[in-house]
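Working notes, beginning with the structure itself.
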């Protein structure tokens, strides 16, 4: 089956499936809409962690060992910064630093985040359309047992230690959805909307909080299918499971599916987990969702597309 596929994507886990989709589909048939709620300014630089994770994955530059950043990275800058007693809690490799400098310079010249992202993709040979959810700033903040924290303060500086109570996406109410993202969701040949296995609270929900995106998904006739970020009661990467427990939610694929109620038609659980009880309006599928290799990513992408096509045919 052909047609446009739109993937909503966060960082590391989402970027892996994005890479798989990029291998499974012609580039003109895939649009990846990426969370920018994690974006922040650090040392005067504009940093977009999730966009960079997706770009590195699609370009083959991602570090498979660390799970984030660029492979074959060097750290001369960070060592020099530490020697000056500088703010070194957020790791910036030398190659990664070039991305942030280029982004910051172009934004300062008046380019939009979408334009900068397109430039970076072209420079790295990526033909797939990668879009920020908005060119306007949206910032994820967390209410914790230690008060309100910006996302990177919680995630990197505090290493997810504070207990989470609530989330807010500052600026979302006035942000404008990226026009290309809305156009892709409104296409008549839309084949599927895929929610990648990203943290539902801080990777996917910021995208859905941007006015127009949730409505465009709900109004489309295409199947919407999400992939679990939880396997065996644990998150493969990141604090999703910890957040679920702190919010009083069951740590399971079924609980994530319930979180997406009203927007998804199908949900992919890992083959090692029991099939959840039926939920109204949801069809569950089973697949190998652990992506340790590029072949794993391709096989999961094919399984998700097949699930979407099954829903689309009913």
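FYI, it's all coordinate maths here, none of it is from the lab. Remember, predicted model here, so these are calculated numbers, not experimental data. Note that we place each Cβ from the backbone using ideal geometry, even for glycine, and neighbour counts take in every protein chain shown.
Looking only at segment 192-314, where both bridge partners belong to it, what percent of the DSSP beta bridges are antiparallel (to the nearest 5)? Please report the intermediate quantities before stating the final value.
On the way: 2 of 13 bridges.
Just about 15 percent of them are antiparallel.
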- Enumerate the whole-percent occupancy of each 5 Å bin, from 0 to the last occupied one, for all C-alpha pair distances of segment 177-314. 2, 10, 20, 23, 21, 15, 8, 2, 0
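Would you work out the relative contact order for the chain, in percent, from Cα pairs under 8 angstrom that are 6 or more residues apart? Intermediate values should be presented prior to the final figure.
Details: 620 pairs, mean separation 64.5, N = 314.
Averaging sequence separation for qualifying contacts and normalising by length gives 21 percent for the chain.
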- Relative contact order of segment 18-98: what whole-number percent is it, with Cα pairs under 8 angstrom and at least 6 residues apart? 20
- Note on the structure: In this structure, the FRET efficiency calculated for residue 170 and residue 302 from their beta-carbon separation, with R0 = 51 Å, to the nearest 0.05, is 0.85
- In Å, the Kirkwood estimate of hydrodynamic radius for segment 118-224 over Cα pairs equals 15.6
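Taking the mean number of other Cβ atoms within 10 Å as a proxy for protection, how do you rank 33-39, 70-76 from highest to lowest?
Numbers: 33-39: 27.9, 70-76: 14.0.
Averaged packing, sorted descending, gives the order 33-39, 70-76.
For the chain, how big is Rg over Rh, using alpha carbon atoms and the Kirkwood form of Rh?
0.95
On average over all directions, what projected area in square nanometres does segment 234-291 have, based on the convex hull of its Cα atoms?
Numbers: hull surface 16.7 nm².
So the mean shadow area of the Cα hull is 4.2 nm².
May I ask for the Kirkwood hydrodynamic radius of segment 1-136, worked out over all distinct Cα pairs and given in angstroms to one decimal? List each step's numbers first, then the result.
Details: mean 1/r = 0.0648 Å⁻¹.
One decimal place: 15.4 Å for the Kirkwood radius.
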- Task: Would you give the gap between the C-alpha center of segment 245-314 and the C-alpha center of segment 1-42, rounded to a whole Å?
- Result: 17
- Label points 7 Å out from Cα along the Cβ direction at residue 63 and residue 293: separation in nm? 2.4
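Kindly put 273, 96 in sequence by how many other C-beta atoms sit within 10 Å of each C-beta, fewest to most. Mind dumping the intermediate values first?
Working: 273 17, 96 23.
Final ranking by Cβ density, sparse to dense: 273, 96.
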- Using only helices, what value at 222 nm comes out for the chain when you add -39,500 (n - 2.57) per DSSP H run of length 4 or more and divide by the total residues, to the nearest 500 deg cm²/dmol? -10500 deg cm²/dmol
- Task: Counting only DSSP beta bridges with both residues in the chain, tell me the antiparallel percent, nearest 5.
- Result: 40
- Report relative contact order for segment 1-141 in percent, whole number only (criteria: Cα-Cα under 8 Å, sequence separation at least 6). 29
- Query: Picking from 106, 191, 141, which is most flexible by a Gaussian network model of the chain using Cα springs under 10 Å?
  - Reply: 106
